[in-house]
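Asks: First, the structure itself, so that you have it in front of you.
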Amino acid sequence: MACGGELPWRARTASCCAACWAALPAIPAAKCRFCALPWSGDDPGFICGPCLTDPLPVDWTEAWGCYQGPLERVLHAFKFNRHDFFAGPLAALVEGMLRRRGDLEFDAVVPVPMHRAKVRRRGYNQAELLARALAKRIGIRCEPRLLIKTRDLDAQSKLARSARAANVQGAFLASPRVASRRILLVDDVCTTGATIRACAGELVRAGADRVAAAVVAKTE
Ligand SMILES: [Zn+2]
Ligand SMILES: [Zn+2]
């Protein structure tokens, strides 16, 4: 899926050859605590400029890799081309990252929701597949119904960065059942953080005790 070469029978992960899988661009050093923007320094408490003035309403956001090269191609296939068998291997990457961080104090794993009309069109919500696989690995329940998308919006990826926050404003509704619970929000990709901001903000508004976010890849 990444290099376009013939897929070997054994040395592979799902539809990605072993060499490309090993070369997926992990974020090597520090990241912004709130939005996971990669940073070349080694200060673990790093907070990026925008987050200093207006942080995402989360305890933290973790991103495993950079949305580029083979990881971009794998995630694109996972999202658009029904390569749903990547859910397990990608969840394993996210699990390793969370265990390194050492914070698994959550009551529920909640995927960033997709509007049900869009799920019908695409057939699946890749964030939910990822969240289910991750939840199983870390022994926490996946509860997709705690957060729903109430408007069928333009895809964030088609919009200019400046239009993304307005596009997702008020688009999510959290169940009252999130009250006093600790929520791990899961998505495949984080770009401006507008989606995480809207989802986490709604979970907090509905009374969640704490919200943190984990994504596979962060765009720069
Ligand atoms: Zn390859
Ligand atoms: Zn930041």
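The values are calculated or read from the model by the stated rules, or taken from the named source; none is laboratory data. This one's a predicted model, so the numbers in the text were calculated from it and none came from an experiment. Note: ideal-geometry Cβ built from the backbone for every residue, glycine included; neighbour counts use all protein chains shown.
Asks: Of all residues in segment 49-74, count the ones that are at positive phi and within 9 Å of ligand 2 (Cβ to nearest atom).
Replies: Qualifying residue count for the region: 0.
Asks: Turning to a different aspect of this structure: Report yes if LEU203 is more than 16 Å from ligand 2 (Cβ to nearest atom) and touching an Asp or Glu at 6+ places or on another chain (Cβ under 8 Å), otherwise no.
Replies: No, not satisfied.
Asks: Of everything in segment 1-48 that's within 14 Å of ligand 2 (Cβ to nearest atom) and aromatic (Phe, Trp, Tyr), which residue is modelled with the highest pLDDT?
Replies: In this case the residue turns out to be PHE34.
Asks: Being within 16 Å of ligand 1 (Cβ to nearest atom), surrounded by fewer than 20 Cβ atoms within 10 Å (Cβ to Cβ) and free of Cβ contacts under 8 Å to residues at least 40 places away in the same chain is the filter here, so list the residues in segment 14-32 that pass it.
Replies: Within segment 14-32, ALA18, ALA19, ALA22 meet the criteria.
Asks: Restricting to segment 122-170, give me the number of residues that are part of a loop (DSSP other than H, G, I, E, B), surrounded by 17 or more Cβ atoms within 10 Å (Cβ to Cβ) and in contact (Cβ under 8 Å) with a residue 40 or more places away in the chain.
Replies: Of the residues in that region, 1 qualify.
Asks: Quick check on segment 33-76: of everything there that is of a type in the set (A, V, I, L, M, F, W, C), over 13 Å from ILE196 (Cα atoms) and in contact (Cβ under 8 Å) with a residue 40 or more places away in the chain, which residue is farthest from ligand 1 (Cβ to nearest atom)?
Replies: Selected residue: LEU37.
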